[in-house]
1. In segment 178-188, is there at least one residue being open to solvent by less than 50 Å² (accessible area, probe 1.4 Å), assigned to a helix (DSSP H, G or I) and more than 30 Å from residue 293 (Cα to Cα)?
2. Do any helices (runs of 4 or more DSSP H) lying entirely in segment 430-495 carry at least 2 residues that are of a type in the set (A, V, I, L, M) and at pLDDT 85 or above, and which ones are they?
3. Among the residues of segment 452-482, what is the count of those that are open to solvent by 60 Å² or more (accessible area, probe 1.4 Å), under 21 Å from residue 128 (Cβ atoms) and touching a residue at least 60 places away in the same chain (Cβ under 8 Å)?
4. Which of the residues belonging to segment 235-261 are open to solvent by less than 20 Å² (accessible area, probe 1.4 Å) and part of a loop (DSSP other than H, G, I, E, B)?
5. I'd like the full set of residues that are touching a Lys or Arg at 6+ places or on another chain (Cβ under 8 Å), open to solvent by less than 70 Å² (accessible area, probe 1.4 Å) and either of a type in the set (Lys, Arg) or modelled with pLDDT of 85 or more (or both), limited to segment 29-43.
6. Of all residues in segment 379-416, how many are under 22 Å from the mean Cα position of the chain (by Cα) and crowded, with 18+ Cβ neighbours inside 10 Å?
Amino acid sequence: MCQLQCLYLICQQRFRFGFCVFGSKAGQSAKLYVIPARLNLWVMLFTSCWVAYMLRVNISLNLIAMVPQTSHNSSSTSQCGAKDDVVRNTSLQHVDIADVREVPRQVPGGASFDWTADQQALILGSYFWCYPLTSLAGGMAAERWGPRLVVFVTSLASAVLTALSPVASSWNYLALVVIRFFLGFASGFIYPALHVLVARWAPPAEKGKFVSATMGGTLGTVVTWSLTGPLIEKFGWESAFYVPAALTFVWCFFWWYLVADTPSEHPRISVKEKNYILDALGDKVKKSKGLPPFKSIVKSFPFLAMIVLHYGNLWGLYFIMTVGPKFVASVLGFELSAAGVISALPYLARLVMATIFGFIGDFILARKLMTTTVIRKFFCLFSHILPGLLLLCLIYAGCSTTLSVALITMSMGFNGAATLTNLQNHQDLAPSYAGTLYGIANCIGSTAGFFTPMITAYFTRNGNGFEQWRPVFYIGASVYVVSAVFFIFFGTGNIQDWNFAENTKENKDDKNNDLKEMNGITTRTGDAKDAKDTPLSVIS
């Protein structure tokens, strides 16, 4: 008993609101809730994004192994390649990085699919053809049927489709395009559904930490790109599809067991924690009974500013995610396994910085050092403007591999501040419809996912030198900066009136009913008064 009491005191010190709670039911022994439900939810949010991105980005590196580096494939030529038959990248001779070499013509464990650059761009982009539309529907689906069910079903379907990818590839590249299309269809539901969970579970003082959990996709990218190369070289390219699919199947079981749609529905949450969450949220978040107020949403200029900011963020994110491995392998001259590790470094930096920025934002808001609006606008400097300027610097880094990798890493690292800007602003505007707002923004922003590979393929059609890549980086940097400037002028962090549209309608109906009842009472009272004041002679 003494040990349990000590554990209780430790948890009280570690978590401010008494997450370690003793509870008991009739006929049952006392239970100790050591792990708070919010911590469980944070972990599952983080890993759900990890799984989603693992299934999304593995194709970027897999294609390098699946398509042999032949003479007619431009990706085999590196402007920073070695000279005079020296295979080692000369820019790394004085850098402590082990055995980094030029891209070989045939990757160990790779396949021999003779797909052109345009066909490969089609495979990469097909994921995003329907992804925007299902992102639009994902928030409404989660608000109506619950985010727990939506995420479970779509993740399970994504695992099945990923497991079918090797078979589809052996048939035709178009079969793989179809698989990636439906994979994007299923995945589009996930992120809006997760933001519905955040709106229903995260107290305002912890919103930054919960939103930072959606950066789990960053770690998913890091792990996937770091392990895919060695996995392919040892077990073959098919394993790069089968292993992520198997991990997703296992994850789905934990998701269904540990997650609930609301604190009130969670079977293992302590009463104290549940009351804390519900009291902190107040009446700002309500379960939607009908359609969101689309007319008010479309007319909202602050929401338009958020969409522009979100689009700029996704453009930079998808640019490095979809074409980053190609730039690192084709221009800087890394072999497959090294390309995966180097391409993953920016995402690792983004994950770390997102967590740091999340804590900073919560600290500032809790102590009221800045208003919500000022926080959203100020941190655009870190989430958008600095990353854009660093991409511009990357154009002129030349074959200095260390400098190029450092610039890419810093650009994505500072973008971690998106947890305080575009990734949280929809929660500010209308927490009751956070999933719908994020779905709309993601619907529009995700179009960058198929524009960036096409633009890259267009400019690098005739080579992979810095001259060909320069316009690609100019475009990415411009979108970053312009979107931030637009939000700084027109964005806000204040909750909008249409968040309470449904409640307002119900209140109006109640008031109308009350008025009718009052009018009826007044009429009856007036009749009685008239009857009382009327002379008897008149009545007779």
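The values are calculated or read from the model by the stated rules, or taken from the named source; none is laboratory data. Predicted model, so just to flag it, every value in this text is computed and none were measured. Methodologically, a virtual Cβ is constructed for each residue, glycine included, from the backbone with ideal geometry; neighbour enumeration extends over all protein chains shown. All accessible areas refer to the heavy atoms of the entire protein, side chains included, with ligands and DNA or RNA removed. Shrake-Rupley method; radii C 1.70, N 1.55, O 1.52, S 1.80 Å.
1. Looking through segment 178-188, at least one residue is open to solvent by less than 50 Å² (accessible area, probe 1.4 Å), assigned to a helix (DSSP H, G or I) and more than 30 Å from residue 293 (Cα to Cα).
2. 434-445, 466-490
3. Residues that pass the stated criteria total 3.
4. Scanning segment 235-261 gives 236, 259, 260.
5. Scanning segment 29-43 gives a single hit, 37.
6. The qualifying residues number 19.
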